[in-house]
Amino acid sequence: MTSPFDLYVTGLKKAHAMENQALSIMRPQVNRIEHYPEVADRLNQHIRET
């Protein structure tokens, strides 16, 4: 039986991995959307928040 603490830690690890994966996708996209400065600004803001 899995304890609530173990479930919590597993969830945190998965969330952390998901955020790192998202960052690896978002960072290169910023360079490709130079014609959309508002989108680039929002994406940069999200990267900083993440």
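Bear in mind these aren't lab numbers, they're just calculated from the coordinates by the rules spelled out. Computed from a predicted model, the values in this text were never measured in an experiment. Glycine also receives a Cβ, built like all others from the backbone with ideal geometry; neighbour counts cover every protein chain displayed.
Assorted remarks:
- Of the residues Met26, Phe5, His46, the one whose Cα sits farthest towards the positive end of the charge dipole of the chain is Phe5 (charges of +1 on Lys and Arg Cβ, -1 on Asp and Glu Cβ, taken about the Cα centre).
- Checking every one of the GluC sites (Glu not before Pro) in the chain against DSSP loop status and a limit of 11 other Cβ atoms within 10 Å picks out Glu34.
- Nearest-20 debye value, the range 4-49 charge dipole, Cβ charges on Lys, Arg, Asp, Glu: 140 debye
- Between Glu34 and His16, the modelled label-to-label distance comes to 3.6 nm, taking each label 7 Å out from Cα in the direction of the beta carbon.
- Extension gain from Gln45 to Val9, taking 0.36 nm per residue of separation minus the Cα-Cα distance: 10.2 nm
- On Cα atoms only, tilt of 4-32 relative to the major axis of the chain in degrees: 10 degrees
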